[in-house]
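Here is the structure we will look at, set down as structure tokens.
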Amino acid sequence: MRTFWFFLCLAGVMLAGCKKDEPKPKFEGPFLPSNFPQPAYDLSQNPVTEAGFALGKKLFYDPLLSRDNSIACADCHISFAAFSHPDHPTSHGIDGLFGRRNALPVQNMLWKTGFFWDGGVPNLDFVPLNAIQSPVEMDELPDQVLAKLQAHPEYPALFRDAFGSEKVTTAAFLQALSQFMAMLVSANSPYDHYVRNEPGGTLPGEALEGLAVFQQKCAGCHATDLFTDQTYRNNGILSDFTFDQGRHEISTLPDDIGKFRVPSLRNVAVTAPYMHNGKFKTLESVLDHYDAGVKDSPTLDPLLRRADGTLGIPLSAQEKSRLLAFLQTLTDEDFIRDTRFAQ
Amino acid sequence: MEKLKLGLLALLVLTTFFTACKDDEDDELSGFADVEIEFDNRAGDASLVFGTEYTNAAGEKLTFSTFNYFVSNFVLVKADGSEYVVPKDSCYFLCKHDDPDSREVVLKNVPAGDYTSLKFMIGVDSAKSVSPASERTGVLDPATGANGMYWSWNAGYIFVKVEGTSPQAPLNPGTGENTFQYHTGLFGGYDSPTLNNLKTVSLATHHGEPAKVRRSGGPHFHLYVDVLEMFTAPTNVSVATNPTSHAGPYSKTVADNYADMITLDHVHNP
């Protein structure tokens, strides 16, 4: 009898063990951190599903999107660099051609009100079309991409799984990519744990001192926990913008010459080089620029003009080292190592 | 009992009478019909024909090869000012000169009434221009329906696209032809302002004579769209000095010119 009960218990434990292993971890949509504002993207019209995210990820890593099937989104947006292009001031696209601007990180896209350095695209859904059609990036026609996907041995079934039809439509194609990009949320840096008062959320003393300097001298533009106020500003990188007029090329307004979107500083330590033209290789050189390298031009941001007529934001050596310590705390290791997002 | 019978009979007669009256009224003032709008492309006094030479206000000889435009947000206005606004899901049309069917716009199920003016927009409004992919179907699909009428880098639609050749235009080394090219868009921006080239057209019927929508049928608006208007008033556009215009500041000059290119020739009532 005791043997019977023993085996019954054993069977029970085994079954329970099996049961515990069986269910796949439930798919969770994008992380919406409590220290972020409301998303700008309307998730209700394109809810992120497991199948839609998987399709979007496959598309993001697929060179089929380019004219000669050679360049994928992920070639210039690399996961370990917060989906930016490390060591490349500007990136090489199709036929080895170089673009004019430094590839931006693909992160926290749900909160952005404008995309690219000039804000030329106002809705996340239409971001990929810009890269696909750019003659120096993928140089492909969107209808050709749809035709290639439709003729592909795997994609029609993946579109059916995600959107209920094997027909590869523009909307489904763009929505899948949006679902992948929607998931790329970076908000688990040491700074986030600190600011959300989470367990272990402490920052080294020098970083805290850096945060105080940051709030005083940098947060005028790198505002909120997105670390950007999402405006367009001329930060004195150049005095002549003939080569690249920035926001002016979108708006046509004279006041916008030389203005570019204030970039987020999240993961800034792993997204070198810096600025729209990739001019600076290190964060030290960025701080030196703001301290003493700002160049004048008619649209230079007023925050970079001092009362005495000199330009820039004065930073002592100590303030710079404190700022560097703080900026390191914006690196989100969970995000850049997340296996859901990497290839 | 007799009284009740009489009463019922009276009720029956009255009901029949009123129902009959209501039928007449229905035909006149209720129900729905389609309104047709024909966009008849012109070059000055002549019909526009691709490959034929015309002269613009600057005296230049122009031969057209592309003339496409978006029209949207149709509104029919009655004499008392009340409006019928065509629903958002069916108010966007892309007219292409080389696709005559695309220039026969049909507004479905317009409520019966006497309308004395027709309003619409040349272009695609800002709300639609920033709307999500799920709302960009048909002629608004950037990869298919709006192919060639969409800018991906300055995301939005090309409202009016005019292309052609002219001996006065500079040589295009790419094609070996003397070409001109005017692609006009820009809806005013989303998170920061941009140039706004949206134009509203308001066309009153002649002499206040209404366009009649009845249950039995709707009117046919015959509109003239004069491509040469893009080259004049308020500012002459010269293919010699400004042979191309895209999303730059000069597009304002082009759009201000074409704002009055569409006129009402006549209305056919049913």
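Say R0 is 56 Å: what FRET efficiency, to the nearest 0.05, do B:S90 and A:S285 get from their beta-carbon distance?
With R0 = 56 Å, the Cβ-Cβ based efficiency is 0.50.
Where in the stretch A:236-275 does accessible area fall by at least 20 Å² between the isolated chain and the complete protein assembly, at a 1.4 Å probe radius?
At a threshold of 20 Å² (probe 1.4 Å), the residues of the stretch A:236-275 that become less exposed are A:R247, A:E249, A:I250, A:S251, A:T252, A:L253.
Rounded, prolate or oblate: which one fits the stretch B:159-270, using the alpha carbon gyration tensor with axes a ≥ b ≥ c (rounded when a/c is under 1.5, else prolate when a/b beats b/c, else oblate)?
Values: a/c = 2.76, a/b = 1.82, b/c = 1.52.
The shape class here is prolate.
According to a simple spin-label model (label point 7 Å from Cα along Cα-to-Cβ), what is the distance in nm between A:K24 and B:S134?
According to this spin-label approximation, the distance is 2.3 nm.
Which value, in Å² and to the nearest 10, is the accessible area of B:E135 when all protein chains are kept and the probe is 1.4 Å?
For B:E135, solvent-accessible area is about 90 Å².
Starting from the Cα of A:D95, move 7 Å in the Cα-to-Cβ direction to define the label point; list residues of the stretch A:57-73 whose amide nitrogen is under 13 Å from there.
A:67-68
Counting Lys and Arg as +1 and Asp and Glu as -1, what is the net charge of the other residues whose Cβ lies under 10 Å from the Cβ of A:H248?
Its environment carries a net charge of -3.
Between beta-carbons, use under 9 Å as the cut-off and find the net charge around A:T90, counting Lys and Arg +1, Asp and Glu -1.
+2
How much length is gained on full extension from A:D255 to A:E206, taking 0.36 nm per residue of separation minus their Cα-Cα distance?
Taking 0.36 nm per residue and subtracting the Cα distance, the gain is 13.7 nm.
Taking 0.36 nm per intervening residue step and subtracting the Cα-Cα distance, what contour gain separates A:A342 from A:Q318 on full extension?
4.9 nm
Which is the longest part of chain A that has none of the GluC sites (Glu not before Pro) sitting in a DSSP loop with at most 15 other Cβ atoms within 10 Å?
Counting at most 15 other Cβ atoms within 10 Å as exposed, the longest clean stretch of chain A is A:167-343.
Specify the residue with the greatest mean-square fluctuation among A:I313, A:I250, A:I132, computed from a Gaussian network of chain A linking alpha-carbon atoms under 10 Å apart.
A:I250
Provide the net charge surrounding B:S117, with neighbours chosen by a C-beta distance below 12 Å and charges set as Lys +1, Arg +1, Asp -1, Glu -1.
Result for the local shell: -2.
Roughly speaking, what is the centre-to-centre gap between the stretch A:198-240 and the stretch A:87-124 when only Cα atoms are used, to the nearest Å?
That distance is 21 Å.
Points 7 angstrom from Cα along the Cβ direction at B:L29 and A:S165: gap in nanometres?
Here the answer is 4.3 nm between the modelled labels.
Comparing the chain by itself with all protein chains present, which residues of the stretch A:173-197 are at least 10 Å² less accessible (probe 1.4 Å)?
A:Q175
Per 0.36 nm of contour for each residue apart, how much would the distance between B:H266 and B:T244 grow if the chain were fully extended, relative to their Cα-Cα spacing? Could you put the intermediate results ahead of the total?
On the way: separation 22, 0.36 × 22 = 7.92 nm, distance 3.38 nm.
Going from the current span to full extension adds 4.5 nm.
State the Cα centre-to-centre distance between the stretch A:41-63 and the stretch B:212-270 in whole Å.
41 Å
Looking only at the stretch B:231-270, which residues have a backbone nitrogen under 14 Å from a spot 7 Å from the Cα of B:H207 in the C-beta direction?
Residues B:266-267 fall inside that zone.
State in Å² the accessible area per residue of the protein assembly as shown; use a 1.4 Å probe, count heavy atoms of protein chains only, and round to the nearest integer.
Heavy-atom SASA per residue in the protein assembly as shown reads 46 Å².
Where a ≥ b ≥ c are the square roots of the eigenvalues of the C-alpha gyration tensor, would you call the stretch A:201-343 rounded, which needs a/c under 1.5, or, failing that, prolate if a/b is larger than b/c, or oblate?
Judged from the Cα gyration tensor, the stretch A:201-343 comes out oblate (a/c at least 1.5, b/c at or above a/b).
Using alpha-carbon pairs under 8 Å, 6+ residues apart, how would you state the relative contact order of chain A in percent? Present the calculation step by step, with values, prior to reporting the outcome.
On the way: 591 pairs, mean separation 67.4, N = 343.
Rounded, it is 20 percent for chain A.
Using the Cα gyration tensor of the protein assembly as shown, with a ≥ b ≥ c the square roots of its eigenvalues, what is the shape: rounded (a/c below 1.5), prolate (a/b larger than b/c) or oblate (neither)?
oblate
Using the C-alpha gyration tensor of chain A, what are the square roots of 5 times its eigenvalues, in whole angstrom, with the largest one first? Walk me through the numbers before you get to the answer.
Working: eigenvalues 327, 175, 49 Å².
Three semi-axes, in Å: 40, 30, 16.
Which of B:G174, B:G185, B:G51 moves the most in a Gaussian network model of chain B with Cα springs under 10 Å?
Looking only at B:G174, B:G185, B:G51, the largest GNM fluctuation is found for B:G174.
With springs only between Cα atoms under 10 Å, which of B:T194, B:T55, B:T232 fluctuates most in a Gaussian network model of chain B?
Evaluated over chain B, the most mobile residue of the options is B:T194.
The values are calculated or read from the model by the stated rules, or taken from the named source; none is laboratory data. Since we're looking at a predicted model, the values are computed, not measured. For neighbour counting, all protein chains shown are included, and Cβ atoms are generated from backbone atoms with ideal geometry for every residue, glycine included. The protein model used for the area step is the full one, side chains on, heavy atoms only, and it has no ligands, DNA or RNA in it. Shrake-Rupley method; radii C 1.70, N 1.55, O 1.52, S 1.80 Å.
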